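The values are calculated or read from the model by the stated rules, or taken from the named source; none is laboratory data. These numbers come from a predicted model, not from an experiment. Here the Cβ positions follow ideal geometry from the backbone for every residue, glycine too, while neighbour counts run over all protein chains shown. The area values use the complete protein model at the heavy-atom level, side chains included, leaving out ligands, DNA and RNA. Shrake-Rupley method; radii C 1.70, N 1.55, O 1.52, S 1.80 Å.
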Amino acid sequence: MLPVGSPSVAEVVRYRLRVRGQVQGVGFRPFAYRLATELGLGGWVRNDGRGVDMEVQGPLPDLERLMRDLRLKAPPLARVEGIEVREMAPRPACPNFLIEQSRTGMVRTGVSPDAAVCDACLEELFDPADRRYRYPFINCTHCGPRYTIIGALPYDRPNTAMAGFGLCPECRREYGEPLDRRFHAEPVACPTCGPQLTLHDGEGLALAVPDVLAAALGLIRAGQVLAVKGLGGFHLVCDARQGEAVARLRAAKIRAEKPFAVMAANRASLAPWVRCDDQAALLLESTARPIVLLPREPGGDDQFPGVAPGLAWLGVMLPYTPLHYLLFHEAAGRPRGTAWLRQPQDLVLVCTSGNPRGEPLVTDNDEAFRRLHGLADAYVVHDRDILVRCDDSVLQSNRGAPVFIRRARGYAPAPIKLPARGPSVLALGGTLKNTICLTRGDEAFVSQHLGDLDNVAARTALEETVAHLLKVLDIRPERVAHDLHPDFHSSRFALAFAAAHGLPAVAVQHHHAHIAAVMAEHALRGSCLGLALDGVGLGSDGTPWGGELLRVEEGGFQRLGHLRPLALPGGDRAAREPWRMAASALHALGRGSEIIHRFPHEGAEVVARMLERGINAPFTSSAGRLFDAAAGLLGVKDRANFEGQAAMLLEGLALCRGGTPPLGDGYVLGENGILDLLPLLDHLADLGDPDLGAAIFHATLAGGLVEWAVQACARTGIGRVALGGGCFLNGILRTAVREGLERMGIEVYEARRLPPNDGGLSLGQAWVAQAVLLQKE
Amino acid sequence: MTHGSGGRASAQLVEELFLRAFDNDWLRSLNDQACFLVSSGRMVAATDSHVVSPLFFPGGDIGCLSVHGTINDVAMAGAKPLYLTAGFILEEGFPLSDLRRIVDSMAAAAREADVAVIAGDTKVVEQGKGDGVFITTTGIGVVPEGVHISGDRARPGDRILLSGTIGDHGVAIMSLREDLRFGTTVASDTAALHGLVATMVEMVPDIHCLRDPTRGGLATTLNEIAQQSGVGMRIREAPIPVLSQVKAACEFLGLDPLYVANEGKLVAICPPEVAERLLAVMRAHPLGADAAIIGEVVDDNHHFVEMETAFGGWRMVDWLTGEQLPRIC
Ligand SMILES: [Fe+3]
Ligand SMILES: [Mg+2]
Ligand SMILES: [Zn+2]
Ligand SMILES: [Zn+2]
């Protein structure tokens, strides 16, 4: 898109360039400076609220080369979305290229996510001759904290958590030197002028130790639980090989079976206990450094007793802050250089979110001493504040493309491109695994995972996140979107926000939002079928839905069909006790009399009676509860210890068993669009082989879903299906449904950039609200 | 039974049943209204319609419930209840013997509470248009000097006291209605609380709020007061008394005892410095023997009620729009 009437080759021209995208705080100006200087071009570059603004003057071919290189050779953390070009009158003399002071103004640039320490910084970190040798806060423009330390834009030091740290002369020199890796690296610091590490005992009293890292490692080796301040919050850390330490951590967190994630030094250290293919390694080693669920090798429970009991996967991450690296460095005996980073290391750490049960991450030191009291034996803290709370991201990579389970650090708040520009919307998401979404033009900014909104701390975090993102993204929403459920805090917050700002609010049905989220991230316009397989979400008819076949147009949807509803004896309690869903299935099969024999629990009689008389047993089309029913009937799990446990165990068994054909007459496709899987459950009830049963369940469910969707495609003439809802975290189901549909020539769309579960709802809501609004206009 | 439209049968009913049961000068005068003397100071009135199925349940019946319910509403202003009126809607064909049982139970409850039923009315509706019997009662009472109790008076720092076990009534009714058995039978806690309230306001006049957590349970009551007073509340699960059978029943049924109805319990909110004294006074009364301090009022412009669970950790105790809808996704 060169300006019309470009001058001839030899002539000197002057261009004004506006670079949009993630271009601030990532070393873009020095990069532009280097390119321009190497080409001998004159002009200047500066940041402003909208991105990078620059003028360059020189021969046209050189300018063209510069513009190409700006895109192609951009620094690791930069993302160039577009360069607008305007021709200017050349200046008489323009020999130099300068980096100019940032200009404030309308804030229009995205805040970049936090990034793991880069290789260049690692070289320095382990070089005894470097002035930042073993300095836990080393960073440069290619790495380090961003989102979690930015209080406002533009991204300049006074607007960050580094505001209180004056630069020492040497750091100042690096900061001001355009060719230095730390030119305008806002968090730049060194042992002389930057943040410092301190060790505190269980009561929060500072301990005088000669070396905090050595002391911290000593405590870990002694089986202690440490609270370690990281990028977006605290971790609780202990030695993963010490079952007793892990057990203490479990007891303190009151977390009986929910798996912990571990941190290992590098990929080379993973081999004995998990399988890590190249795709997984790429994820693990990416600058986002998420937790990746990896399939475990047999005997994994013995290696790390109690870390992820009985599960087929283990959540693994690699170090991402210099502090993490230094703990491994200490454990390795402080080797010189970085060769050790490629060799297997023995130390493996449990790293779990430092939060009291279910509450948001602790971020402040004093808050940590108070709220983690009794959880941590000691604290490793520092004096750089965490301005934005951000959990570790979690992905799975065991089958097909990686899928988000939780999207937070390293990814948020990078925007998702929408198919069209629209009015700004604030969407508040669901109530569990909440995220919020803000749109601006054709970009959607989905917040980090904020957790379950069932405590005041989480609700406060939601409110702070809304306020912070509105500020740093400079968005004034024109619409507010929320879930249909009247008792979700997010719905109530949305309505209060809308009322306070005089804005219209749009309620979006839960599964409509699940499918819309997938359509939005794939920029799909027009009609699409959606398979929403989920726990429960309130349906338009006031009943709990969760296994839905929808036809989604941008702003609206039609329920083409649903799974045959089963009773939920005890409401949400049935979601925690799979045996109740098994009882429900038996009752539906006319085998209610078996309930008390199969489940000799206290209460089985009551549940049988509840099913007979319909006492607190609403009917739901939930797919998640179908998994529970299967797990209960197969005796896999009677009571779930954490959300989704039964389904995870079932998937693990099916995975071990391997491919099994579907049950021939395992489902019935009704005239009215109802997919009835009771025959499958009837079969499982008498099978007595959990592994085989789990495999048959997956195969038959997938078979039924595929036939169901294929028929709907034929009937509606729509050749594409979006998959949404938490059940699609199940890799077997996801793969089988996708492959089954693709074999029939149907295009399949899955959640890629956001989790398929409720973490993606806010995007779907925002997109629907936008479409509703655009239709009205 | 075909009484109702002002005919002879109705007069007979009034005479035979009510007059004999409630026997007092006001009723004996057979006027359409009751005249009584008023004292100086503040009076309170409350009215409540009672609908319950089944009509007879362990611990009581709709008769005594309709007396207790309205007496309690009056008493929650810190007042001494004096008079009641009662309106009956009977379904055609309702057995007279059952009606007699109910009226006798009402009379006994009123007598025990030292409250006179001074006016009444009866209507009969066609079969199928009622559910046996509905009773509406209105209560009149006087507030002692120096007592200012109101749902908008909770202040940050105030303590929240609960007079006894929660969920008994709701579980008693449900288990009978649905024929569920949870070990030993749970009885409704239906009781008139004005006696307890009288000692409370006498010994600790500076009580800020009183309320009986009936429909919607403790959770709903706390949220109402939080909204009304513009404050938040932080309560603890551990000290909240729940009978083990009630707890078990709620677990089986998937109910939260915090949201289950009570008919003989109250919540009191008072300044921190008098909380221990108020607790002692409550515990000294038979209807407050299990009383406990369950939490405190906090400054919170969201008016959230949050509870520290028995396992540690915190969870919201929100008000609900209607029934508890499933939400686990
Ligand atoms: Fe969902
Ligand atoms: Mg009442
Ligand atoms: Zn770096
Ligand atoms: Zn320095």
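Worth pointing out:
- At R0 = 56 Å, FRET efficiency that the Cβ-Cβ distance of B:Val38 and B:Ala238 yields, to 0.05: 0.75
- For the pair A:Tyr175 and A:Thr735, a Förster radius of 60 Å applied to the C-beta separation gives a FRET efficiency near 0.75, rounded to the nearest 0.05.
- For the protein assembly as shown, the spread of Cα coordinates along the three principal axes comes to 117, 72, 66 Å, biggest extent given first.
- Placed amide H near A:Glu478: partners under 5 Å, 5+ positions off or other chain: A:Ser424, A:Val425, A:Leu426
- Counting charges near A:Leu462 (Lys, Arg +1; Asp, Glu -1) among other residues having Cβ under 13 Å from its Cβ returns a value of -1.
- Per-peptide average of other Cβ atoms within 10 Å, ordering A:485-492, A:618-625 highest first: A:618-625, A:485-492
- Span from the region A:15-85 Cα centroid across to the region A:514-531 one, whole angstrom: 35 Å
- Residues whose placed amide H lies under 5 Å from that of A:Gly410, excluding near-sequence neighbours: A:Asp114
- Alpha-carbon centroids, region A:211-277 and region B:236-270: separation in whole Å: 39 Å
- In a fully extended conformation the segment linking B:Glu112 and B:Arg28 would gain 28.2 nm over its present Cα-Cα distance, using 0.36 nm per residue.
- In percent, rounded to a whole number, the relative contact order of chain A is 11, using alpha-carbon pairs under 8 Å and six or more apart.
- Shown in residue order for region A:235-249 are the 3J(HN,Hα) couplings computed by the Karplus curve 6.51 cos²θ - 1.76 cosθ + 1.60 at θ = phi - 60°: 9, 9, 10, 8, 6, 5, 8, 9, x, 5, 5, 4, 5, 5, 4 Hz (x for Gly and Pro).
- Per residue solvent-accessible surface (Å²) - region A:318-409, probe of 1.4 Å: 33 Å²
- Violating pairs (Cα-Cα greater than 24 angstrom) within the set A:Lys73/A:Lys417; A:Lys417/A:Lys471; A:Lys73/A:Lys471; A:Lys258/A:Lys417: A:Lys73/A:Lys471; A:Lys258/A:Lys417
- FRET efficiency for the pair A:Leu98 and A:Glu244, taken as 1/(1 + (r/R0)^6) with r the Cβ-Cβ distance and R0 = 41 Å, rounds to 0.10.
- Each residue of region A:463-469 was assigned a 3J(HN,Hα) from its phi angle through the Karplus curve 6.51 cos²θ - 1.76 cosθ + 1.60 (θ = phi - 60°); the sequence is 4, 4, 5, 4, 4, 5, 5 Hz, with glycine and proline shown as x.
- Computed with a 1.4 Å probe over protein heavy atoms only, the accessible surface of region A:12-99 comes to 40 Å² per residue.
- Apolar share of the accessible surface for chain A: 51 percent from carbon plus sulfur atoms, 1.4 Å probe.
- Summing Lys and Arg as +1 and Asp and Glu as -1 over all other residues whose Cβ lies under 10 Å from the Cβ of A:Lys417 gives a net charge of -3.
- For the segment A:601-610, counting C-beta atoms of other chains within 10 Å of every residue's C-beta and taking the mean gives 4.
- Charge dipole magnitude, Cβ of K and R +1, D and E -1 - chain B, Cα centre, debye nearest 20: 160 debye
- Rounded to the nearest 100, the interface formed by chains A and B buries 3300 square angstrom of accessible surface, both chains summed, with a 1.4 Å probe.
- Percent of beta bridges antiparallel (DSSP, chain A, rounded to nearest 5): 75 percent
- Remark: relative contact order (region B:159-316) = 43 percent; criterion is Cα-Cα distance under 8 angstrom and separation of 6 or more residues.
- Extending 7 Å from Cα along the Cβ direction at B:Glu308 and again at A:Asp346 yields two label points whose distance is 4.2 nm.
- Degrees separating the helix A:212-221 axis from the principal Cα axis of chain A, which is the longest one: 20 degrees
- Probing with 1.4 Å while keeping every protein chain in the model, the per residue accessible area of region A:446-562 equals 28 Å².
- Whole-angstrom Cα spans of region A:366-474 along principal axes, big to small: 52, 38, 28
- Against the empirical 2.2 N^0.38 Å (N residues), region A:86-214 has a Cα radius of gyration ratio of 1.31.
- Bridging of B:Lys129 to aspartates and glutamates at a Cα separation below 14 Å is possible for B:Glu91, B:Glu92, once same-chain residues fewer than 8 apart are set aside.
- Here region B:8-143 is assigned +1 on the Cβ of each Lys and Arg and -1 on the Cβ of each Asp and Glu. Its dipole about the Cα centre then comes out at about 280 debye.
- Shielding by partners - mean other protein chain Cβ count within 10 Å, residues of B:313-325: 6
- Here the relative contact order of region A:456-530, from alpha carbon pairs under 8 Å that lie six or more residues apart, stands at 25 percent.
- Around A:Ala93: net Lys/Arg minus Asp/Glu count, Cβ-Cβ under 15 Å: +1
- Take each residue of peptide B:155-166, count the partner chain Cβ atoms within 10 Å of its Cβ, and average: the result is 0.
- The separation of region A:108-152 from region B:293-328, counted between C-alpha centres, amounts to 41 Å.
- For A:Ile405, the residues whose amide H sits under 5 Å from its own are A:Val394, A:Leu395, A:Gln396, ignoring neighbours fewer than 5 places away on the same chain, with H placed 1.01 Å from N.
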